[in-house]
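A.B. asks: First the structure, then my questions, so here it is.
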Amino acid sequence: MEHSSDGLGTRAIHAGEAAPRTGGPVVSPIYPTTTFYSDPSGQGEVLYTRYGNGPNGRLLEGRIASLEGAEDALLVSSGMAAMAMALLSVLKAGDHVLATDAIYGGTRALLGDELSRLGIATTFVDLFSDDWKHGLRPNTKVVLGETPSNPLLRILDLRPIAEAAHAHGAAVIVDATFASPVHYRALEHGADIVMHSATKYLGGHSDVTAGVLAGSAARIGEARKRARIWGPALDPHAAWLLERGIKTLSVRMERHNRNGMEIARWAETRPEVARVFYPGLPSHPDHETARRVLDGFGGMVGIELRGGAAAADRFVRALRLAKLAPSLGGVETLVSEPRFTSHAAMTPDQRAAGGIRDGFMRVSLGIEDAADLIADFDQALRAAAGDEQREAAD
């Protein structure tokens, strides 16, 4: 059924669904089959679960394309698989990538360790400065951005970047995982391909691992060709879980937004906190850009404690409601330390140069009551301070 003129929240539930029929299911069934009967004439498309073109995947791809305002979408088994397929669909040996230096550690490793072995070079640049253009080479085929960035939540003003990249003949690929299509649709700002780790906000319940690309039919068609060869198809049950999660995306993001703003404002008042990173705060370096390009500031907050790594260690051990765990975007609040997770491959000096000092914690605020989260963070800060005093006395 067509729902292109409906609001985003409505499309998250209904886009791409089959026309209702008496006796038909309201909820999409799972198709746990590896293969499907073929057209004996040989004219029809071959349906094969490894191709990712079964009913569960196709329905979801149409829904995500609708949310992003895209012609097509590709669903794969993880965010890293999605990023790999996006890059491999554009690049070949001898090509060059200009990538933001404010980038997820896994993507940095993909570029620096894996694609380099295929003869593809990468230069990391500051996309928040006009100086990035000096990195363009005749063989630059991709400009890669991430917004909001992980973990400092920097917000790109993408349109002028896309205009310069396109004038050079390069494609623009953007990881918009932290925003979700509810808050930011990168294609509207000039991106050629937008990527999400659907494990995060799209799934929303920390129970499915998936990735997605959206863009023009031609761009996604090229990525789909690579996916059929490399084989990162999402299984039908995972696709079904992801569809279920996306149905509540809009309403979940409302609560993530509210919690994000309340906890960020509270954290700024605490003497134990050196800095708070949240694009909804006037103190954030990209606050004005965020106000202009985002439809919501989200549930991700960065907090740097004055006591450094030791204070962060004491804080996370004292948490009761929030959980120390990697990943993000779920209904539960998760706290992680990038020095041990996403940016563990970097040295402390490299992290500090990028603004991620020891004592930095990335908080993915869930949809719990904000008052309960603040109470938990408050007691953890007080417990951490008490532990420090006892250690000093000893």
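A.B. asks: Which one of the conditions (1) farther than 30 Å from residue 275 by Cα; (2) surrounded by 21 or more Cβ atoms within 10 Å (Cβ to Cβ) does residue 216 fail to meet, given that it meets all the rest?
C.D. replies: (2)
A.B. asks: Among the residues of region 342-357, is any surrounded by 20 or more Cβ atoms within 10 Å (Cβ to Cβ) and at pLDDT 95 or above?
C.D. replies: No, that holds for no residue.
A.B. asks: Within 30 Å of residue 202 (Cα to Cα) and touching a helix residue (DSSP H, G or I) at 6+ places or on another chain (Cβ under 7 Å): does that describe residue 307?
C.D. replies: In short, no.
A.B. asks: Still on this structure, please answer the following. Give me a count of the residues in region 37-68 that are open to solvent by 50 Å² or more (accessible area, probe 1.4 Å), part of a loop (DSSP other than H, G, I, E, B) and at negative phi.
C.D. replies: So the answer is 9.
A.B. asks: Does residue 205 meet the test of being in contact (Cβ under 8 Å) with a residue 12 or more places away in the chain, surrounded by fewer than 20 Cβ atoms within 10 Å (Cβ to Cβ) and closer than 21 Å to residue 325 by Cβ?
C.D. replies: Taking the combined requirement at face value, the residue satisfies it.
A.B. asks: Just one of (1) open to solvent by less than 30 Å² (accessible area, probe 1.4 Å); (2) outside any loop (DSSP other than H, G, I, E, B) trips up residue 232, so point out which.
C.D. replies: All conditions pass for residue 232, except number (2).
A.B. asks: Can you pull out every residue in region 249-283 that is open to solvent by 10 Å² or more (accessible area, probe 1.4 Å), assigned to a loop (DSSP other than H, G, I, E, B) and touching a residue at least 40 places away in the same chain (Cβ under 8 Å)?
C.D. replies: 270, 272
The values are calculated or read from the model by the stated rules, or taken from the named source; none is laboratory data. All of these numbers come straight from a predicted model, not from anything done at the bench. Because the Cβ atoms are built from the backbone with ideal geometry, glycine has one as well, and the counts that use them run over all protein chains shown. Accessible surface is based on the protein model in full, side chains and every heavy atom, while ligands, DNA and RNA are left aside. Shrake-Rupley method; radii C 1.70, N 1.55, O 1.52, S 1.80 Å.
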